[in-house]
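The values are calculated or read from the model by the stated rules, or taken from the named source; none is laboratory data. None of the values given here were measured: they were computed from a predicted structure. Glycine also receives a Cβ, built like all others from the backbone with ideal geometry; neighbour counts cover every protein chain displayed.
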Amino acid sequence: MIKRKQGVVGSAILLGGMVLAGCGTSGHPVAIPPRHHSHAVSPSSVTSPSITPSSSPISPSPSSGSVTAPTHRSQTVHPSPVTSPSAATFSSIIQGAMQAVVGNTRVPLYAPTHIEDFTAAPYYSAAGQVSPETHPAPSYAMTFYRSQTSIKPNSSQLHTVSPQDIIGGYQVSEWPSAQIASQHLFYGTPTPIIPPRHPSGSSITLAVGLTGTVTTMDGLSMIIWHEGRWTMAVMYEHASYTKGLATAQNIVFFCQHHFLPPPTTQGDGIILLTGKHTTTKISWNSGSLVVNASDHQGWLGAFETAILMRKYN
């Protein structure tokens, strides 16, 4: 198993202005599933800056029924110490899927270095696609799959994969300006509701120094809070408040140890709990680009996809 090196997060475009969004570094450990990478990473000539935030690695521990609120440092935008550029490497699966994108779009190219999955699947694959629609914005996307047999990236066999084996993916679209981009978060990705920036409702402590809001909108119960320029919302229409609160606190703890890309203007995260299933969509603007990342099996995959994003050229 290849483990992601602690502290190497961010990318040239997704770093938008020398800042990082993150939290403090101390808190109650939360159980994190073991990582299963898509494939051994093979060298690529792509170059992008590496970012080394001063944070400690996350410490997995057995999960419990309740989550103690971690200590949360004041959530301002942090300056990022940028080190000298280093060569980014992409797995063979990512490189194979990007062959359907490279040369077919003028949208700047970005991709995660590999697929980060949290189930022990025998094989992984991916498919890249450039949208034929250029209005209102050109875009491309990549879908991640797991399978019981080896399937080459962009293979027509991926169309026959069970919906349960679609892990998630990401999309990048380009807009005329950063202001317009910030108005089109989740472009091409249907969402139940966009979390409000200033919700009204009851206050709830998610960590020491961090307060969230419990509210209901359009029949959806949710917990909303802010992580720097990010607005996060855990929605639990068909799940208990206890599960919603535990999920929100787990994400807060994760953000204390992992730095999400800092949006130029705004970023939103939607975690939808529906009975036994959890799906996640996050979206942020980086300059005139809107980047979406999704996880159909939980929430960690979408966050990891965002963290692992690098410039691809």
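What the table below lists for this structure:
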item: Search result, residues across the stretch 245-294 that are more than 24 Å from Leu210 (Cβ to Cβ), crowded, with 24+ Cβ neighbours inside 10 Å and β-branched (Val, Ile, Thr); result: Val290, Val291
item: Top-ranked residue in the stretch 194-223 [being surrounded by 14 or more Cβ atoms within 10 Å (Cβ to Cβ) and among the small types (Gly, Ala, Ser); ranked as modelled with the lowest pLDDT]; result: Gly209
item: Every pair of residues 6+ apart whose Cβ atoms lie under 8 Å, when the first sits in the stretch 136-160 and is assigned to a helix (DSSP H, G or I) while the second is surrounded by fewer than 21 Cβ atoms within 10 Å (Cβ to Cβ) and modelled with pLDDT under 95; result: none
item: Cβ-Cβ under 6 Å pairs, at least 6 apart or on other chains, the stretch 179-196 side touching a residue at least 40 places away in the same chain (Cβ under 8 Å), far side assigned to a loop (DSSP other than H, G, I, E, B); result: Ala181/Trp175; Ala181/Ser288; Ser182/Thr265; Ser182/Gln266; Ile193/Asp218
item: The listed residue being at negative phi and of a type outside the set (Phe, Trp, Tyr), out of Asp268, Asp218; result: Asp268
item: The stretch 224-244, residues that are buried (at least 17 other Cβ atoms within 10 Å of the Cβ) and either among the polar types (S, T, N, Q) or under 11 Å from Ile271 (Cα atoms) (or both); result: Ile224, Thr231, Met232, Ala233, Val234, Met235, Tyr236, Gly244
item: Residue match in the stretch 86-102 (condition: assigned to a loop (DSSP other than H, G, I, E, B), modelled with pLDDT of 80 or more and of a type in the set (S, T, N, Q)); result: yes
item: Subset tally (residues that are in contact with an Asp or Glu (Cβ under 9 Å, 6 or more places away or on another chain), under 16 Å from Ala233 (Cα atoms) and not charged (D, E, K, R)) for the stretch 272-313; result: 13
item: Residue ID - nearest to Thr274 (Cα to Cα), chosen from residues in the stretch 156-209 that are touching an Asp or Glu at 6+ places or on another chain (Cβ under 8 Å) and among the β-branched types (Val, Ile, Thr); result: Ile193
item: Single condition Leu245 does not satisfy, out of (1) farther than 29 Å from Asn104 by Cβ; (2) under 14 Å from the mean Cα position of the chain (by Cα); (3) of a type in the set (A, V, I, L, M); result: (2)
item: Meets criteria (of a type outside the set (A, V, I, L, M, F, W, C), outside any loop (DSSP other than H, G, I, E, B), touching a residue at least 60 places away in the same chain (Cβ under 8 Å) and crowded, with 19+ Cβ neighbours inside 10 Å) for Gly128; result: no
item: Residue that is at pLDDT 95 or above and under 30 Å from Ala126 (Cα atoms), where the choices are Thr191, Thr231; result: Thr231
